[in-house]
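Every number in this text was worked out from the coordinates using simple rules, so none of it is lab data. Since the model is a prediction, treat every value here as computed from it, not as a measurement. Here the Cβ positions follow ideal geometry from the backbone for every residue, glycine too, while neighbour counts run over all protein chains shown.
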Amino acid sequence: MVEEVEPPPELIQEWEREDREFREIRRSKADWEFIKAQPPHIRAALIYFIERGDIYRAAKIAGMTVGEFDEHRYRARIPNIT
């Protein structure tokens with residue numbers, strides 16, 4: 001069996017800080033007018049991506065392939081930083 005290893009608290013704090021920083025960058029760079037003009041499922045997927053940075057799940061929410069969703073992400077001016 002593989003032993004579970006708990007990451008050190010300072011590493012967890014660093015990851016959380018990076019997540020907040022990346023989320024703020026995605027929020028500030030996004031074209032919100034474009035996002036608001038999208039159909040509900042695509043809009044929800046773009047917002048999910050902004051908040052979480054998970055392109056795979058966002059594509060699934062949108063009902064698209066990752067490549068198709070990435071085109072929408074690009075048009076919405078959301079940077080792909082994760």
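Tabulated results
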| quantity | calculated |
| --- | --- |
| P(r) tail fraction, the chain - alpha-carbon pairs more than 22 Å apart, % | 32 |
| The chain, relative contact order in percent, only Cα pairs under 8 angstrom and at least six apart counted | 34 |
| For peptides 49-57, 8-16, sequence by mean Cβ density within 10 Å, most packed first | 49-57, 8-16 |
